[in-house]
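Note sheet for the following structure.
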Amino acid sequence: MVRRGLLAWISRVVILLVLLCCAISVLYMLACTPKGDEEQLGLPRANGPTGKEGYQAVLQEWEEQHRHYISSLKKQIAQLKDELQERSEQLKNVQYHASDPAGQGVDRGAPEKTQADLLAFLHSQVDKAEVHAGVKLATEYAAVPFDSFTLQKVYQLETGLTRHPEEKPVRKDKRDELVEAIESALETLNNPAEDDLRQDESGPICEKKINNDKNNHLTGIYRTEKDKGTLYELTFKGDQKHEFKRLVLFRPFGPIMKVKKENLNMASTLINIIVPLAKRVDKFRQFMHNFREMCIQQDGRIHLTVVYFGKEQMNEVKGILENTSKAANFRNFTFIQLNGEFSRGKGLDVGARFWKGSNVLLFFCDVDIYFTTEFLNTCRLNTQPGKKVFYPVLFSQYNPGIIYGHHDSIPPLEQQLVIKKETGFWRDFGFGMTCQYRSDFINIGGFDLDIKGWGGEDVHLYRKYLHSNLIVVRTPVRGLFHLWHEKRCVDELTPEQYKMCMQSKAMNEASHGHLGMLVFRHEIEAHLRRQKQKTSSKKT
């Protein structure tokens, strides 16, 4: 009885275990069977493929899903690689600019985004430099002057003891730099269809090919701002008289960039030359001789304003003006007589405000200045109302009596005016000769009329322009000379003032070499005597 009950219980347990195993097997198959895109995949149904065919279909669909998944992973990996490469290039670019702020290098293999960033950086260099507008400067020493050049020579301010105020560029980098700028300008002028700045043109830029020969009268100025780049302004003679073509180029410590191209017609640009004067009749007679030749006979677009202080020798000055007027049929002059002590600033200010016509270009000049027609065009080309004023650096002549002391006679004035280290120097500490439009002079406030006599008023006006947003063009010019005259140091000066006056007189007398010859002339003469004695003793 007990045995029969035990067998029945065991049989029931076995049946339950079998049923449990079957249930687990079914659940396992349901859980492990792959799913389709829209429905779960189970065991083959009664009305579907059965047996081996059903499982092959399931395996094939599962394999297809894995293939799509692997392809998606490959695409994501490729995208990540591209992004990583781009980030690496950007990091290199940032590190490069951190070590080289000028941005001279150009990564030829960089992506388009990096190239766009580089181009934006170069254009920002143009915007930071004084190309389109001036910047406010604290003092006159903060201004960066231009150097000027032609096809043959460079006229430079910083000469030191080895370089010359006028010289051919010897250094290869300086020569190659100017040659590239000239060639780039010529290419732009001769290929107007390829120029990308045609919006600045009012007509065809050039009907004929322009070559870099002497007939085209190339002149240019350039300056380098150490943290931005080099600015070039090249001017070529135009197709018609009084017409010029100017190109503005900028080298932002990298590829040179074309900034602007202009057609300039100066045929109707009148210059009002204002000369303050007191006595000095002989100097005025010499000035009018140069004026008649350069302004009346050659240029023909000049008005002369003479502001005379006092009445002593006034009739002689007026007589020189009237004689010139009759001889040359010249009527474009104004004579203004003022009483009181001579004041250069007041004379120029009165002369500028006396003009009643339209906005005119003013040239503030002294009676001991010699200029050429080339300078008058340079004055016109480097000024623009509301935008640009011109402060040329003139060449100051040494004492002809010392320079040509070993000659039989002093040559004529025109033959003395050569730019050499032995004949003079760039007067880079003088700001009296300047070209500016009358509107800019009035808007800036004119001269400080509290300054009396000579000196001080020019620096004060120069500083006003530096503090404004106007571009101040400061460059040596080859057609503007300060003629030598004796500098007198009066006894009324204090010992310190007298010493400074004598130092200034020595600097204006002769070059370093000539002054040295004067200092050591006794030793030189003794040497020559000894040499002569040796020669005579050998003969005997």
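The values are calculated or read from the model by the stated rules, or taken from the named source; none is laboratory data. A quick note: this is a predicted structure, and the numbers were derived from the prediction, not measured. Here the Cβ is made from the backbone with ideal geometry for all residues, glycine too, and neighbour counts use every protein chain on show. Quick note on the areas: whole protein, heavy atoms, side chains included, nothing else; ligands and nucleic acids left out. Shrake-Rupley method; radii C 1.70, N 1.55, O 1.52, S 1.80 Å.
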Residue within the range 454-465 that is surrounded by 13 or more Cβ atoms within 10 Å (Cβ to Cβ) and over 30 Å from the mean Cα position of the chain (by Cα) present: yes
Residues of the range 48-104 classified as at pLDDT 70 or above and outside any helix (DSSP H, G or I), total: 0
Residue in the range 430-444 that is at pLDDT 85 or above, open to solvent by 40 Å² or more (accessible area, probe 1.4 Å), closer than 27 Å to E486 by Cβ and polar (S, T, N, Q) present: no
Matching residues in the range 369-383 - criterion: being in contact with a Gly (Cβ under 7 Å, 6 or more places away or on another chain) and not in a helix (DSSP H, G or I): F371, T372
Selection within the range 289-308 - without any contact (Cβ under 8 Å) to a residue 60 or more places away in the chain and either open to solvent by less than 10 Å² (accessible area, probe 1.4 Å) or more than 23 Å from N323 (Cβ to Cβ) (or both): F291, L304, T305, V306, V307, Y308
Of all residues making up the range 334-368, the number that are over 30 Å from the mean Cα position of the chain (by Cα) and either part of a strand (DSSP E or B) or at positive phi (or both): 7
The range 246-274, residues that are small (G, A, S) and modelled with pLDDT under 90: G254
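Take the residues in the range 236-285 that are in contact with a helix residue (DSSP H, G or I) (Cβ under 8 Å, 6 or more places away or on another chain) and in a helix (DSSP H, G or I); name whichever of them is most open to solvent (accessible area, probe 1.4 Å).
Of the range 236-285, the ones in contact with a helix residue (DSSP H, G or I) (Cβ under 8 Å, 6 or more places away or on another chain) are 236-237, 244-247, 249-262, 264, 266, 269, 271-277, 281, 284-285.
With the extra rule that they be in a helix (DSSP H, G or I), the set shrinks to 281, 284-285.
Values: V281: 20, F284: 0, R285: 119 Å².
Looking at residues that are in contact with a helix residue (DSSP H, G or I) (Cβ under 8 Å, 6 or more places away or on another chain) and in a helix (DSSP H, G or I), I get R285.
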Pair list, Cβ < 8 Å and 6+ apart or interchain, from the range 317-333 residues that are of a type in the set (D, E, K, R) to residues that are outside any loop (DSSP other than H, G, I, E, B) and surrounded by 12 or more Cβ atoms within 10 Å (Cβ to Cβ): K318/F335; R331/S325
Conditions (1) under 27 Å from D147 (Cβ atoms); (2) not assigned by the TED database to the domain that holds V275: number failed by R529: (1)
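Could you tell me which of the residues K464, K499 is modelled with pLDDT under 85 and either out of contact with any Phe, Trp or Tyr (no Cβ under 8 Å at 6 or more places or on another chain) or of a type in the set (G, A, S) (or both)?
None of the other options fit; the residue is K499.
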Given (1) in a loop (DSSP other than H, G, I, E, B); (2) closer than 30 Å to S358 by Cβ; (3) out of contact with any Asp or Glu (no Cβ under 8 Å at 6 or more places or on another chain), number of the condition D227 does not satisfy: (2)
Failed condition for Q384, given (1) at pLDDT below 95; (2) open to solvent by 10 Å² or more (accessible area, probe 1.4 Å): (1)
